[in-house]
Each structure stands twice: as structure tokens, then as C-alpha cells.
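The structure appears below as C-alpha cells.
We did not get these values from a lab; they are worked out from the coordinates using the rules stated. As the structure is a prediction and not an experimental result, all values here were calculated from the model. Reconstructed Cβ throughout: ideal geometry from the backbone, glycine too, with neighbour counts over all protein chains shown.
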């Protein structure tokens, strides 16, 4: 196990609370629409506005999405869970309380695993989840100039959320971002959330504290509503430095909710952080307990698509891929489909994996494109790999062919022909080049025979140059060793 990275002698401790907006068409306790971008207050019905006499009615679709998430993370799905009233007073909370779950959440436990680059190592990290519970969203306060006043938009009020809470298992901003990306992958893969961070569909709150190694947990400050992975890392790094500076200066960290300002790169306190007792939770008398039978769970399980972790296990078994490769190739359904189509067409799964994680990913990132937009199809990549495997082209030439494919210059064989990239496979012609190079470089020959293995490089270079890069490197080495008696 890799020791936690220390910052100025302090250990960083991070836990996450993530609000994933569930992909239902209507709200969690009413039939009002949840479509994004509607005119203010046009999607708030009597239930959402808490008009007298209205009662909440549970949205079964929200429950089934919670079940799907529980299955995806190997959690326990409670057969009986209850809803509670979380009391606090904001202008955009019409009832004066939020319907949530407290003592008995619908999803309990579970874990999220991911790979992380630590120095030159790639390590597997697992974050334990404490719970995931259903709740309704609040409305939104608008602070534009409404003649010197703020406005209230209740379109979001009652939108179904799944709040996903971790144990304090992360020890750096890099781990936190890797966890958030993996969680984002899971909820979008199974289709319970669209994952749009700009529209607020996937909102992350980071609880950050620092301590000396071996000391009890420090006082945490919660960074609210981090809406990009880039800002997430910046906010956590700043908060860690700020807390350490405060402690080193003799100050005490006060529990608080803070916001991150991307313009200044700093966090600033918004309010003191409440504890559970401050919310005066009690069971909601208008909602009966939520009962989930095993038959319901099994039905949902049977209707789910193959999970990313299950697919990764299959890639290891069926394609003999390393676990790291399999995990990277299941970052999205589109990437996994591209890999499988390529691997099946060329019969070289590891080569397909290397190309997709290497050259394909590099070009996609540089072009800011999704794999669905890649100008090189899976069939074309498979054909390219086929020409590497049958020694028609070298690895260096393959990169030139890939460039041609990306730029739309034609199909694999046509590009090879047009650019003159076919490898020299005529042994007689190659032997003549090798003999000429050996005759012209007697010193390298003597040094190699005297035991200097590096002298071979002084022979390979001229041979490749004389063949205009078309000689098969493996064949060159084999013939050289034969002629030199190595």
C-alpha cells in the first residue's frame, strides 16, 4: 500500500458528497417537468410550491434509479427506508424543509475503485461509500437586478436527487478528482444521470481537513458546488494550503461551508457549517416507508446493461488484457464499443488497446473530440493493426498511415502504397545492404565481437538509412546477429 502524500508535513483527508440529478422526466414528488432551461417558475406545480393541502407522491422511476446505482457499486439496498424532513430556512425552499433521507437511506455501503498514477507507479485505489439517499432539490435564488431585489425560480424545486456520500478515504486532490471522474462514469454509464456539470446535474461538495500523521481527524470545511474537475482540484489544493497556513499561524479551523472563486483561485467562507442536529430531522408524516422487495431489485438488475466493472473483468478474461487496460477501455460505452469492434476485426486485442489508449486518445484530446467523432473508424484501425501484424509496415510507418487516415487521405493499403511505406521483406536485398554496412563499419563489428553490445546500434542505424526506413527492424537484428555470430 502506498503511503499517503504529505503536504508540509500534514496528511490531507477528503470526503465527498455528490448530488446526482436523476434522469426522470418528472420531479420526485410531483408530475412537474424537470427539463432544463425553461422560463423561470413555469415548471413548478402546486406540490413544488408547497401550497396548502398538497401531498407528495413518490416517483417510482427515481427509486429504480437508486436501485441501479446500488447494484452498480455493490451496495446494500435497504428493503425498508424512510423519508425525513430536513428543516432549514432559505427563500428558495417553499416548505421550509427539504424531504430527504436521514437514519435509513435506500443505498448503504458500496465502493468505487479507480486507477491512479503515483510517481512512476499505477496503483488501484478504492473509496468506500457510506450511503446514497434520495431527496428533492431546492429552488434557485437569482441575484440579478430585480429593482434592487433578488428573484426566486422554483423550477428546480422538487427535482429528484441521489446524494452520494463517501467515507473520508481520499488523501490528495488527485485522488479526489479521480474518484469524481469514476463516479461520473458510473452514473452516466447506467443512465441514471446525464452528468452535465455546467447545468448542475452532477454537483460535488468536497469535505477537506488536514492533520498530522496519526492524529485524530481535523475540523473539516465543505467546498460547495464544484462544477468542473479542473476547479475541483484547484479548490482542494488552495483549501489545503489555507488550512495548513492557519494552523501553522496558531489559528483554529472553524467548521464552515465555503465557495470556490475560479477568478481568484481561492475559497471563501459562506456560512458556518451546520450539524445534523441543527436540521431537526424527523420522519415525514406524509410519506410512508419505502419498501423494496428482492423481486423488484432482481427485475431492475435483469434490465440493466453490462456494468463497466463487469465489462472490464470480461475484457481481462476474453481478451487477455491487463486490468489497467480493461479499466481504461471501459471509461465510456463508446470507447468500449470502439475497442471491441477493433479487437474482433483484427484479432490483436493488446495492440488494439495500445493504439486506442495511445495514438487515438492523444489525437482525440488534441482535437477536443469524443471517440464517436473520430475520423478513423474501428474497421480502419483494425486494418492498420493487421498491416503491422503481417509485417507489411513498421510501427514508425504505421503512425504515418494513421496520420493519413485521420486526415482522410484514403484507406490503409492505399496510403501505404501512396507513401511508399511497405517494409522490405526481400531477404536477399536486405542481406546485401547489411553486408555493405558491415564492410563499411569494421570498427563497430570488432567492438561488438569484443563484447560491446551497444556497438550494434552503430550498425542498425546505417542499415535502416540505406533501406530508406523500409527494412523490418526485427529481421535486421536477426540477420545481423547471424552474420556476427551473436
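Output the Cα-based Rg and Dmax of the stretch 306-419 in Å, rounding Rg to one decimal and Dmax to a whole number.
13.8, 44
Averaging sequence separations of C-alpha pairs under 8 Å and six or more residues apart, then dividing by the length of the stretch 6-295, give the relative contact order as a whole percent.
On the way: 641 pairs, mean separation 71.0, N = 290.
Normalised by residue count, the contact order of the stretch 6-295 is 24 percent.
If I fit a long axis through the Cα atoms of helix 173-189 and take the longest principal axis of the Cα atoms of the chain, what angle between them do I get, 0 to 90°, rounded to 10?
Long axis of 173-189 versus the principal axis of the chain: about 80 degrees.
For Cα pairs less than 8 Å apart in space and 6+ apart in sequence, what is the mean separation divided by the residue count of the stretch 306-419, i.e. the relative contact order in percent?
Details: 97 pairs, mean separation 22.2, N = 114.
In percent, rounded to a whole number, it is 20.
Could you let me know the centre-to-centre spacing of the stretch 292-354 and the stretch 248-291, using Cα atoms, in angstrom?
38 Å
In degrees from 0 to 90, rounded to the nearest 10, what is the angle of the helix 60-72 Cα long axis to the longest principal axis of the chain?
Between helix and principal axis, roughly 40 degrees.
For the stretch 6-295, what Kirkwood radius comes out of the mean inverse Cα-Cα distance, in Å?
Working: mean 1/r = 0.0498 Å⁻¹.
Mean inverse Cα-Cα distance, inverted, gives 20.1 Å.
For helix 473-484, what angle does its Cα long axis make with the longest principal axis of the chain, in degrees from 0 to 90 and rounded to 10?
Helix 473-484 sits roughly 40 degrees off the main axis of the chain.
Cut-off is 10 Å between beta-carbons; in what order do 465, 27, 125, 120 appear when sorted fewest neighbours first? Intermediate values should be presented prior to the final figure.
On the way: 465 12, 27 27, 125 19, 120 5.
Ascending Cβ contact count within 10 Å gives the list 120, 465, 125, 27.
Among 127, 445, 401, which comes first, then next, by fewest other beta-carbon atoms within 10 Å?
Values: 127 24, 445 20, 401 27.
Least to most surrounded, the residues fall as 445, 127, 401.
Quote the Stokes-Einstein diffusion coefficient, in whole µm² s⁻¹, for the stretch 284-370, based on the Kirkwood radius over alpha carbon pairs, a temperature of 20 °C and a viscosity of 1.002 mPa s.
On the way: Rh = 15.2 Å.
Calculated translational D: 141 µm²/s.
Only bridges with both residues in the chain count here: give the DSSP antiparallel percent, nearest 5. Walk me through the numbers on the way to the answer.
Numbers: 59 of 63 bridges.
Roughly 95 percent of the beta bridges in the chain run antiparallel, per DSSP.
Placing one identical point scatterer on every Cα of the stretch 228-298 and ignoring solvent, what is log10 I(q)/I(0) from the Debye formula at q = 0.12, 0.15, 0.24, 0.26 Å⁻¹?
Computed log10 I(q)/I(0) values: -0.60, -0.71, -1.12, -1.21.
Take the alpha carbon atoms of the chain, find their radius of gyration, then divide it by 2.2 N^0.38 Å using N residues; give the quotient. Don't skip to the end; give the middle numbers.
Values: Rg = 29.6 Å, N = 486, 2.2 N^0.38 = 23.1 Å.
Against the compact-globule rule of thumb, the ratio is 1.28.
Would you kindly state how much longer the chain becomes between residue 124 and residue 291 on full extension, computed as 0.36 nm times their sequence separation minus their alpha carbon distance, in nm to one decimal? Display every interim value, and only then the final one.
Details: separation 167, 0.36 × 167 = 60.12 nm, distance 3.59 nm.
Here the answer is 56.5 nm.
Quickly estimate the mean residue ellipticity at 222 nm for the chain, helices only: each DSSP H run with n ≥ 4 gives -39500 (n - 2.57), and the total goes over all residues, rounded to 500.
Working: 16 runs with 182 residues, N = 486.
Only helices count here, giving -11500 deg cm²/dmol.
Can you give me the Cα centroid spacing of the stretch 84-119 and the stretch 173-211 in angstrom?
A separation of 13 Å, based on Cα centres.
Give or take rounding to whole Å, what are the principal axis extents of the alpha carbon atoms in the stretch 415-465, in descending order?
43, 20, 14
If I stretch the segment between residue 230 and residue 150 completely, what's the gain in nm (0.36 nm per residue apart, minus their alpha carbon distance), one decimal?
Working: separation 80, 0.36 × 80 = 28.80 nm, distance 3.00 nm.
Gain on stretching residue 230 to residue 150: 25.8 nm.
Quick check: residue separation of residue 367 and residue 354 times 0.36 nm, minus the Cα distance between them. What number comes out in nm?
Here the answer is 2.7 nm.
Quick check on the exposure proxy: order 481, 170 from fewest to most C-beta atoms within 10 angstrom.
Numbers: 481 12, 170 26.
The order, fewest Cβ neighbours first, is 481, 170.
Please work out the C-alpha center-to-center distance from the stretch 418-486 to the stretch 363-392 and express it in whole Å.
Cα centroid of the stretch 418-486 versus Cα centroid of the stretch 363-392: 31 Å apart.
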